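Remarks on the structure that follows.
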Amino acid sequence: MTDNIQNVSRALRADVVTLNAISNNVANATTPGYRAERSAPTFQSQLDAGTSAVAIDLQDGPLSVTKGPLDLALRGHGFFQVQHGNQVLLARAGNFRLDADGKLVNANGDSVIGDSGALTLADTAVRIDAKGEIWSGTRSMGKLSIVDIADPAKLAAVDGGFRYDGELTEWKGSVLQGAIEHANVDIAGETIRLMELTRHVESLQHAISIYDKAMDTGINRLGE
């Protein structure tokens, strides 16, 4: 009986994590560059892990063409690097702009990092090629620092982007100038996940009810 209660408890904790992931995905469905959170696909895998294993979905999101010279979208696995306070974070959203000092920054005001540090541009009249090189006419203004990751399990969403404590690898994707990548969230899919989760919670409630009746019967028999 104790093992059964522990399994139900672990499954409920897993469901809470899954519910939080679904909520985050739906809330950020319109956030540029947002990466959806995915949980363990099966009930048994949740039990084996002790909780619902949540990972970041690295698939490309849909694009909107803006023709803005500082709107950049990544295709394929990879992340921009930005300076967020005293730490370097990874970011997928490429809706950049120039601040008052001419620094290239993201929507949060974090500096976008190039191969030689923070990038500063004289104006927005630039061409950015598929490899992330920034050109003003025939003159290179720097190159975006874009990286890939070796271990997606170590990627964690935080305020301002993603924290990653693993090994960085060579980026092999491409940059598309004049476009914004949307969140890779499938609202219809999230709705189905929520329905499945609701049914699973109901089954756990039924299991708890059966256990409670069994315990009540056992205690009454002991009293006799």
Scan the range 120-137 for residues that are over 25 Å from the mean Cα position of the chain (by Cα) and either of a type outside the set (V, I, T) or under 19 Å from G78 (Cβ atoms) (or both) and jot them down.
L121, A122, D123, A125, R127, I128, D129, E133, I134, W135, S136, G137
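Quickly run through the range 31-60 and pick out the residues that are assigned to a loop (DSSP other than H, G, I, E, B) and at pLDDT below 85.
S39, A40, P41, T42, G50, T51, S52, A53, V54
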Filter the range 169-185 down to the residues that are among the small types (G, A, S) and in a strand (DSSP E or B), then identify the one that is surrounded by the most Cβ atoms within 10 Å (Cβ to Cβ).
A179
Give me the pairs: first residue in the range 177-206 and under 30 Å from L144 (Cβ atoms), second residue of a type in the set (F, W, Y) and modelled with pLDDT of 75 or more, beta-carbon distance under 9 Å, and six or more apart or on different chains, which are they?
H182/Y34; A183/Y34; N184/Y34; V185/Y34
Quick one: is D148 in the same structural domain as G78 (by TED's automatic domain parsing) and either closer than 12 Å to Q81 by Cβ or buried (at least 16 other Cβ atoms within 10 Å of the Cβ) (or both)?
yes
Which one is nearest to V185 (Cα to Cα) among residues in the range 77-136 that are hydroxyl-bearing (S, T, Y) and in a loop (DSSP other than H, G, I, E, B)?
T124
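The values are calculated or read from the model by the stated rules, or taken from the named source; none is laboratory data. No experiment lies behind these values; they were computed from the predicted model shown. Here the Cβ is made from the backbone with ideal geometry for all residues, glycine too, and neighbour counts use every protein chain on show.
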